[in-house]
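Novice: I have a structure I would like to understand better, so I am pasting it below and will then ask my questions one at a time.
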Amino acid sequence: MKYFMLAILCWVTFLLAADKKSSATEQKIDSILATMTIEEKIGQMTQTTGQWNWHDPANYTSNSAASDGQRIAIREGRIGSFLNVYGSTITRELQTIAVTQSRTKIPLIFGFDVIHGFRTTFPIPLAEACSWDLDAIEQSARIAAREATAAGLHWTFAPMVDIARDPRWGRIMEGAGEDPFYGSLVAASRVKGFQGNDLSSNNTMASCIKHFAAYGGAEGGRDYNTVDISHRTLLETYLPPYKAGINAGAVTVMTSFNEINGIPSTGNKNLLTDILRNEWKFDGFVVSDWGAVGELRTHGFASSESQAAKKALLAGTDMDMESFIYEHQLSALVKSGEVNEQYLDQSVRRILRVKYLLGLFDDPFRYCDSVREKNELLNPNNVIAAREIAKKSIVLLKNEKNLLPLSKKIKSIAVVGPLADDKANPLGFWNALGDPTKVTTVLEGIRKTVSSSTKIIYAKGCEIDSLDTSGFKKAVETAKRSDVVIAVVGESAVMSGESKCRSSLNLPGVQEEFIKALLSTGKPVIVVLMNGRPLTIEYIDSHVPAILETWFLGMEAGNAIADVLFGDYNPSGKLVTTFPRTVGQIPIHYNHKNSGRPSNPDPKSYSVRYLDLPITPLYPFGYGLSYTQFTYGKPSLNSHSITTTDSIMVSVDVKNSGSRAGEEVVQLYIRDEFGSVTRPVKELKGFKKIFLNPDETKRVDFIVTPELLSMYDIDMHYGVESGTFKVYVGTNSSDVQEASFEVVE
Ligand code: BGC
């Protein structure tokens, strides 16, 4: 028995040693670790929040951000990281305590949810993803990092890369939609944006891939809920964006709140060690989500706080965000010999590694720079960039008889609806230090854009979520007196985001009746939607001539929307999430399987369908209109037969056959027709966003590599299987033209 225990100890020591790198940094970490007490090590693994009561976006830097008790804890080496503390003054003050008054002098790392901008608010991530403009997405993260780092922050809890196939789930607003291929590209762009090329530069910050893993797979779209998916679905659908973020260099990962198939992520060794460390070679650190170490007990996965601490640590959770279970339990576990101290060393090593990478050991004050803070935050160039990407995020859902764009010289416009002159909601959820006073509303944006002779009449009409219809009358009268009606309706910002799930996706309150009342005037009604998720708007789609999906576009919302309404920008956004007709259609992602009895529109068919619903979504994945038209040629291939190691080129001619210049997102999907396991009916494998002048034609080429044709076969080996593949090219996932080729051994 003694020898057995010794062998285990040697093995653990070997595994832990393997995690060490032999660089100068690692040697420095060794020498620091050698001087640290168990309590100081646990301190590095403990993250705590600043005080809530001081948050004031207008005056965001305050000494009361940390309590006296927290100041003492820093001095005693019991805190290694803060979240929700920002501003150059306070971060400098707390950092000074850490590096001058604590025994180890290890700098603190300050983290914050910089999700779509810091002070300059960009569109919510779901909206930005609809731009299909990876450079713009990277740029938005870059600017957010420049601002946040000037205010003393080192680390953002972003990007959230969870695939979301259920729009009831409120956190769909925070990701890039339903597709793993596209989601992976967006994940990498966001990481590159935050981290830049040099993490030690004073204007780049550590990013955090979250929430690992499959947080978006919550049953019923209810946040935090159980996830029960096959290993295959985990690998094929949910894991790719996390992996892409890690490959792009993300130095931290956050665990997810959910369990997967019975094992909560924060205690899931398979996820946090086998996959993340051993397969993906991740060498940064893992932070738990808020309180998630403690929640291992609530899940029924740990019988006590002590067991929760042990399970989380041994699984691979390096830092405990806000449950204080590590602080309270780990010391006794190590002293009693139940947990090997080398597990602490391993986690502290990973955390110190990131602190080194950020340059905090060279200069712990590198990021708290009041001059830069003054110049960077809300810098006019940042605001210009926010407007640029906001325009690109807008999706034109409908435009009957080219009602849009409107002439700037139009005589009169009724601007109505609860969100038409709203300054708070366009900021969306997770808006960091977004300042409502800096938001341009739709009404203001329109006023700035139209000619001086255009008469604009505003009436709110109703609230976002109330049953009161008393405001309809005035709004309807306003509509009657105008040439056109612009109705700005949707959700409030806090109807999506964490813990903000909905069972109905209808327009809240009486807004749909409000639209009906406006339509009854006979005036052309343009609906501008603001929302954090797909809504079920079948009535609006079939009765209103023009619809713009604008999501929550951030502080430049009103300007960007006016740019599109009046044709200064030709909309080019495409949906990254399918719009169902009703909640009953969910899940309705485009990349589903065929089944043995594929959906058949004939209601009498024995096929995959509901008796009472069409089989199609309201708007498919990849959908979005332009003010011009694009005509697609037939896709051609440079070969009709390739081997499993060859690439194939798919080409298509796309012509701007309308009268305005515009951008088009040309999309490529494939289908592996038969396999050792069944494959989705379509999978996005490429896209190009091109600009075309009227009458211009461009040839778009896609190289489909073996990697893009690969899949996990029946034995879970990853590679290309021989057989027939279909290629689809088009303007959205439904409207495509096809070609096919063979893959031979
Ligand atoms: C969220 C995380 C977030 C953390 C810190 C949690 O409740 O799930 O996404 O980063 O809080 O604010």
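Only the coordinates and a few stated rules stand behind these numbers; no lab work does. All figures in this text were calculated on a predicted structure; none of them were measured in a lab. Methodologically, a virtual Cβ is constructed for each residue, glycine included, from the backbone with ideal geometry; neighbour enumeration extends over all protein chains shown.
Novice: Can you compute the modelled spin-label distance between Lys688 and Ile703, with each label point 7 Å from Cα toward Cβ, in nm?
Specialist: 1.2 nm
Novice: Follow-up question, since we're still on this one. Dividing the Cα radius of gyration by the Kirkwood radius, what Rg/Rh value follows for the stretch 596-704?
Specialist: Working: Rg = 17.8 Å, Rh = 16.8 Å.
Looking at the stretch 596-704, the ratio lands at 1.06.
Novice: Report, ordered by chain and residue number, the aspartates and glutamates lying within cross-link reach of Lys574, taken as a straight Cα distance under 15 Å and ignoring same-chain residues fewer than 8 apart.
Specialist: Leaving aside aspartates and glutamates fewer than 8 places away in the same chain, those within reach of Lys574 are Glu128, Asp133, Glu178, Asp179, Glu549, Glu663, Glu664, Asp735.
Novice: Let me ask something additional. At 222 nm, what helix-only mean residue ellipticity would the chain give, in deg cm²/dmol to the nearest 500, using -39500 (n - 2.57) for each DSSP H run of four or more? Write down the numbers at each step before the final one.
Specialist: Numbers: 21 runs with 210 residues, N = 745.
Taking each H run of at least 4 residues, the total per residue is -8500 deg cm²/dmol.
Novice: Quote the FRET efficiency, to the nearest 0.05, computed for Asp465 versus Glu219 with a Förster distance R0 of 35 Å and r equal to the Cβ-Cβ distance. Please report the intermediate quantities before stating the final value.
Specialist: Numbers: r = 26 Å, r/R0 = 0.73.
Efficiency, rounded to the nearest 0.05: 0.85.
Novice: Could I ask something else about it? Tell me, what ³J(HN,Hα) does each residue in the stretch 459-464 have, in order and in whole Hz, if you take phi through Karplus 6.51 cos²θ - 1.76 cosθ + 1.60 with θ = phi - 60° and put x for Gly and Pro?
Specialist: These are the phi-based 3J(HN,Hα) values: 8, 6, x, 6, 8, 5 Hz.
Novice: Follow-up question, since we're still on this one. Estimate the FRET efficiency between Ala332 and Tyr712 by the formula 1/(1 + (r/R0)^6), using the beta-carbon distance for r and 41 Å for R0, to the nearest 0.05. Don't jump to the answer; show the numbers that get you there.
Specialist: Numbers: r = 43 Å, r/R0 = 1.05.
FRET efficiency, Ala332 to Tyr712: 0.40.
Novice: Mind listing the phi-derived Karplus ³J(HN,Hα) values for the stretch 568-579, rounded to whole Hz, using 6.51, -1.76 and 1.60 with θ = phi - 60°, and x for any glycine or proline?
Specialist: Result, rounded to whole Hz: 5, 9, 8, x, 9, x, 9, 5, 10, 8, 5, 9.
Novice: So if each residue of separation counts as 0.36 nm, and I subtract the Cα-Cα distance between Gln51 and Ser740, what length gain in nm does that give?
Specialist: On the way: separation 689, 0.36 × 689 = 248.04 nm, distance 5.99 nm.
Separation in residues times 0.36 nm, less the Cα-Cα distance, equals 242.0 nm.
Novice: Among Pro706, Gly719, Asn570, whose Cα projects farthest towards the positive end of the dipole of the chain, with charges put on the beta-carbon of Lys, Arg (+1) and Asp, Glu (-1)?
Specialist: Working it through, the farthest residue towards the positive pole turns out to be Asn570.
Novice: Please give the residues of the stretch 694-716, grouped as numeric ranges, whose backbone N is less than 15 Å from a label point set 7 Å along the Cα-to-Cβ vector of Ser636.
Specialist: 698-702
Novice: Give me the number: length gained by fully extending Lys604 to Lys726, i.e. 0.36 nm times residue separation minus the C-alpha to C-alpha distance, one decimal in nm. Please list the in-between numbers first.
Specialist: Details: separation 122, 0.36 × 122 = 43.92 nm, distance 2.92 nm.
The span from Lys604 to Lys726 would gain 41.0 nm if fully extended.
Novice: Cα centroids of the stretch 704-723 and the stretch 302-328: how far apart, whole angstrom?
Specialist: 39 Å
Novice: Something else now. Percent relative contact order of the stretch 40-374, based on C-alpha pairs within less than 8 angstrom and at least six residues apart? Provide the component values of the computation, followed by the final result.
Specialist: On the way: 751 pairs, mean separation 60.9, N = 335.
Relative CO of the stretch 40-374 lands at 18 percent.
Novice: Report the equivalent ellipsoid semi-axes for the stretch 388-575 in whole Å, largest first, defined as the square roots of five times the eigenvalues of the gyration tensor built from alpha carbon atoms.
Specialist: Details: eigenvalues 100, 77, 50 Å².
Over the Cα atoms of the stretch 388-575, the semi-axes work out to 22, 20, 16 Å.
Novice: Rounded to the nearest 20 Debye, what is the dipole magnitude of the chain about its Cα centre when Lys and Arg each give +1 and Asp and Glu each give -1 at the C-beta? Intermediate values should be presented prior to the final figure.
Specialist: Values: 78 positive and 85 negative charges, 252 e Å.
The calculation lands at about 1220 debye.
Novice: Of Asn340, Ser81, Phe257, which is farthest along the charge dipole of the stretch 40-374 in the positive direction, counting Lys and Arg as +1 and Asp and Glu as -1 at C-beta?
Specialist: Of the candidates, Asn340 comes out farthest on the positive side.
Novice: Could I ask something else about it? For a footprinting-style exposure proxy, rank Arg146, Arg297, Arg699, Arg679 by other Cβ within 10 Å, fewest first. Write down the numbers at each step before the final one.
Specialist: Details: Arg146 24, Arg297 17, Arg699 11, Arg679 21.
Ordered from fewest to most neighbouring Cβ atoms within 10 Å, Arg146, Arg297, Arg699, Arg679 come out as Arg699, Arg297, Arg679, Arg146.
Novice: Looking only at the stretch 388-575, where both bridge partners belong to it, what percent of the DSSP beta bridges are antiparallel (to the nearest 5)?
Specialist: Numbers: 4 of 23 bridges.
About 15 percent, rounded to the nearest 5.
Novice: For each of Met495, Met649, Met160, count neighbouring Cβ atoms within 10 Å of the residue's Cβ, then give the residues from fewest to most. Mind showing how you got there, number by number?
Specialist: Details: Met495 20, Met649 12, Met160 26.
Ordered from fewest to most neighbouring Cβ atoms within 10 Å, Met495, Met649, Met160 come out as Met649, Met495, Met160.
Novice: Here's something else I'd like to know. Quick one: if the Förster radius is 60 Å, what FRET efficiency do Asp646 and Lys105 give, using the C-beta to C-beta distance and rounding to 0.05?
Specialist: 0.55
Novice: Computed from the mean reciprocal separation of all distinct C-alpha pairs, what Kirkwood hydrodynamic radius does the stretch 40-374 have, in Å? Before the final figure, lay out the partial values.
Specialist: Numbers: mean 1/r = 0.0507 Å⁻¹.
Kirkwood hydrodynamic radius for the stretch 40-374: 19.7 Å.
Novice: If you take the charge dipole of the chain about its Cα centre, with +1 on Lys and Arg Cβ and -1 on Asp and Glu Cβ, which of Thr49, Leu234, Ala414 is farthest toward its positive end?
Specialist: Ala414
Novice: Taking every pair of Cα atoms in the chain, average 1/r, invert it to obtain the Kirkwood radius, and report Rg/Rh to two decimals. All intermediate terms of the calculation are to be shown ahead of the outcome.
Specialist: Values: Rg = 26.9 Å, Rh = 27.2 Å.
Rg/Rh: 0.99.
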